[in-house]
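Working notes, beginning with the structure itself.
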Amino acid sequence: MRKEAMKVQLKIIQHLANCITFTTTGRKNCGTRPLMDEKKTESRIIGGHDAMVGSWPWQVSLQHYTIGLGYFHLCGGSLITNNTVLTAAHCVKKNRNAAFWRAVIAVHHLHAHNYYTRKRRVSTITVHSDYDSESYENDIALFTLIKHVKYNNYIQPICIPENDTIDLYPCYIAGWGNTKEKGVGKLILQEAQVDVFPLRLCNRYDSYAGRLTENMVCAGSLTGRVDSCQGDSGGPLMCYFRNVSRYYLIGITSFGLGCGRPRYPGIYVRTVNYKNWIDAHLIAKTTDVSIRWVPIYWIVAWTVFYIL
Ligand code: 4AZ
């Protein structure tokens, strides 16, 4: 009887730990845009245009510090918990030292922060151990923030998909990257609607010719009018799922042959394939958040123990 009670007690502790980690990091209410009306059908976007303030509440600007220059936007990222930003591994090729980086959240104009804009220093950078800079395989990394952010109308996490889905529509990309292949970045966040293509189409001999793997998503436009570019890397490829009324992070902006070239859409990291990797590296980082709840676990667990 005591053994059984112990088992039940352990199960309850585990369940509580899971629930609390999940709710304190806010992943349950992911992928919603409080300031946007999803019912309004947006017209199709050709090329990029200014995003509206608060339209992508998980969009992050990852900035690197250089002496004399200060912080400089290098990559995009997506907020997936209240202290974690998902980005591309190649974003940290310049410097993997967390001390040189900051994440800016709820920012629209890179040089004009708002009262709700949050700047956070980074405690750890976790790069996928099998990232290959030649093939861009496993181009994924996690930035853990020193201090968590509070969710509000301007700050929300995006959902990570659990299962592969084929019917992706509508999907968007966003970032402060170059608007031309040899151009410069924009100060105001840009967004564009993209099509997601079957991998075999992008792997044809006159396109990426077999270089793309199952860990990648090919998206943009075949005529080359809509694409991501340098400076957008690490940012989101996000799709809206009407059945659940939420946005999911389908891809992470990774690479491409140039920008906006016909037959060469942008290539994104297929996040669904990294769900386990992400979770494994989150749990370790979020224990400090749930540790506050330990006394409550014990009270519940001991109460159950004595009742049984
Ligand atoms: C880059 O250099 C880059 N057209 C990102 C995305 C694409 C190309 C280049 C896709 O970070």
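The values are calculated or read from the model by the stated rules, or taken from the named source; none is laboratory data. Note that the coordinates shown come from a computational prediction; the quantities given were computed from them, not determined experimentally. Note that we place each Cβ from the backbone using ideal geometry, even for glycine, and neighbour counts take in every protein chain shown. Remember, those area values only see protein heavy atoms, side chains included, never the ligands or the DNA or RNA. Shrake-Rupley method; radii C 1.70, N 1.55, O 1.52, S 1.80 Å.
One residue stands out among those in region 197-227 that are open to solvent by 40 Å² or more (accessible area, probe 1.4 Å) and either among the hydrophobic types (A, V, I, L, M, F, W, C) or in a helix (DSSP H, G or I) (or both): the one that is nearest to the ligand (Cβ to nearest atom), which is Leu222. Looking across region 88-105 at every residue that is of a type in the set (D, E, K, R) and within 16 Å of the ligand (Cβ to nearest atom), the one that is least open to solvent (accessible area, probe 1.4 Å) is identified as Lys94. Would you mind stating whether Ala5 is open to solvent by less than 10 Å² (accessible area, probe 1.4 Å) and at pLDDT below 95? For Ala5, the condition - open to solvent by less than 10 Å² (accessible area, probe 1.4 Å) and at pLDDT below 95 - is met.
Is it the case, given these coordinates, that Tyr274 is in a strand (DSSP E or B), under 30 Å from Asp206 (Cβ atoms) and either at pLDDT 80 or above or not aliphatic (A, V, I, L, M) (or both)? It would help to see each step written out before you state the result.
Numbers: in a strand (DSSP E or B): no; under 30 Å from Asp206 (Cβ atoms): yes; either at pLDDT 80 or above or not aliphatic (A, V, I, L, M) (or both): yes.
Judged against the criteria, Tyr274 is not a match.
Per this entry, Val194 is not counted among residues that are outside any loop (DSSP other than H, G, I, E, B) and in contact with a Pro (Cβ under 6 Å, 6 or more places away or on another chain). So, in region 152-185, of the ones that are without any contact (Cβ under 8 Å) to a residue 12 or more places away in the chain and not acidic (Asp, Glu), which residue ends up farthest from the ligand (Cβ to nearest atom)? Ranking the candidates gives Ile166 first. Applying a threshold of 7 Å to beta carbon distances and a minimum spacing of six or more residues, or different chains, the list of pairs starting in region 250-274 at a residue that is touching a residue at least 60 places away in the same chain (Cβ under 8 Å) and on the phi > 0 side of the Ramachandran plot and ending at one that is among the acidic types (Asp, Glu) and surrounded by fewer than 24 Cβ atoms within 10 Å (Cβ to Cβ) reads Gly258/Glu181; Gly260/Glu181. Annotation: of all residues in region 65-87 being crowded, with 23+ Cβ neighbours inside 10 Å and of a type in the set (Val, Ile, Thr), the one that is farthest from the ligand (Cβ to nearest atom) is Thr81.
Scanning region 228-267 for residues that are in contact with a helix residue (DSSP H, G or I) (Cβ under 9 Å, 6 or more places away or on another chain), more than 13 Å from the ligand (Cβ to nearest atom) and open to solvent by less than 10 Å² (accessible area, probe 1.4 Å) returns a single hit, Leu249.
Thr23 meets all of the listed conditions (1) open to solvent by less than 40 Å² (accessible area, probe 1.4 Å); (2) modelled with pLDDT under 95 but one, namely (1).
For (1) more than 21 Å from Pro262 (Cα to Cα); (2) surrounded by 22 or more Cβ atoms within 10 Å (Cβ to Cβ), each residue gets a yes or a no:
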residue: Val127; (1), (2): yes, no
residue: Ile158; (1), (2): yes, yes
residue: Pro161; (1), (2): yes, no
residue: Ala174; (1), (2): no, yes
residue: Ile188; (1), (2): yes, no
